[in-house]
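The block underneath contains the structure these notes are about, expressed in structure tokens.
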Amino acid sequence: QVQLTESGGGLVQDGGSLRLSCAASGSIFSINRMGWYRQSPGKQRELVASITSGGYKNYGDFVKGRFTISGDSAKNTVYLQMNSLKPEDTGVYYCNLYGSRSNPIRLYDGWGQGIQVTVSS
């Protein structure tokens with residue numbers, strides 16, 4: 001099994017900051033990409049940010065320089081630093097891992113449980 005453990009969400013005021021963490025553990029063979037997606041009530045899940053094993057980063061259009069994704073390959077952990085948060089950033093944030101798992105080796109594309117981020121106005 002592969003586990004994705006998310007932390008760092010919570011309630012923050014408009015303009016505030018939060019740092020999300022996602023640690024992957026278990027039967028991981030390789031990681032191609034990790035990232036964060038979010039889902040707000042009545043909306044589809046959308047990409048917030050992702051980072052590949054080679055360090056390529058991709059951000060949702062709405063990020064506009066406010067968020068930074070980083071990774072620690074030794075810890076199989078990805079971080080999302082969110083600054084200048086707005087009420088419209090409120091939602092459930094999900095960690096995603098795309099890679100492969102072991103025993104036997106096969107493709108893995110999985111999600112964490114999700115963590116609530118609430119930005120008050």
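Structure summary
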| quantity | calculated |
| --- | --- |
| Trypsin sites (Lys or Arg not before Pro) within segment 6-105, DSSP loop, no more than 14 other Cβ atoms inside 10 Å | K43, K64, K75 |
| Accessible surface, per residue, of segment 1-57 when the full set of protein chains is kept, probe 1.4 Å, Å² | 56 Å² |
| Cα-derived Rg to Rh of the chain, Kirkwood definition | 0.98 |
| √(5λ) per eigenvalue of the Cα gyration tensor, segment 71-121, largest first, Å | 30, 13, 7 |
| Under the Karplus curve 6.51 cos²θ - 1.76 cosθ + 1.60, θ = phi - 60°, whole-Hz ³J(HN,Hα) for segment 10-21, x wherever Gly or Pro sits | x, 9, 9, 7, 3, x, x, 10, 9, 10, 9, 10 |
| Modelled FRET efficiency - R0 30 Å, S73 with D14, Cβ distances, 0.05 increments | 0.30 |
| Filtered chymotrypsin sites (Phe, Trp or Tyr not before Pro), segment 24-111: DSSP coil and at most 13 other beta carbons within 10 Å | Y56 |
| Fraction of accessible area attributable to carbon and sulfur, the chain (%, probe 1.4 Å) | 46 percent |
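The values are calculated or read from the model by the stated rules, or taken from the named source; none is laboratory data. Since the model is a prediction, treat every value here as computed from it, not as a measurement. Every residue, glycine as well, gets a Cβ built from its backbone with ideal geometry; the counts of neighbours run over all protein chains shown. The accessibility values were calculated without ligands, DNA or RNA, using every heavy atom of the protein model including side chains. Shrake-Rupley method; radii C 1.70, N 1.55, O 1.52, S 1.80 Å.
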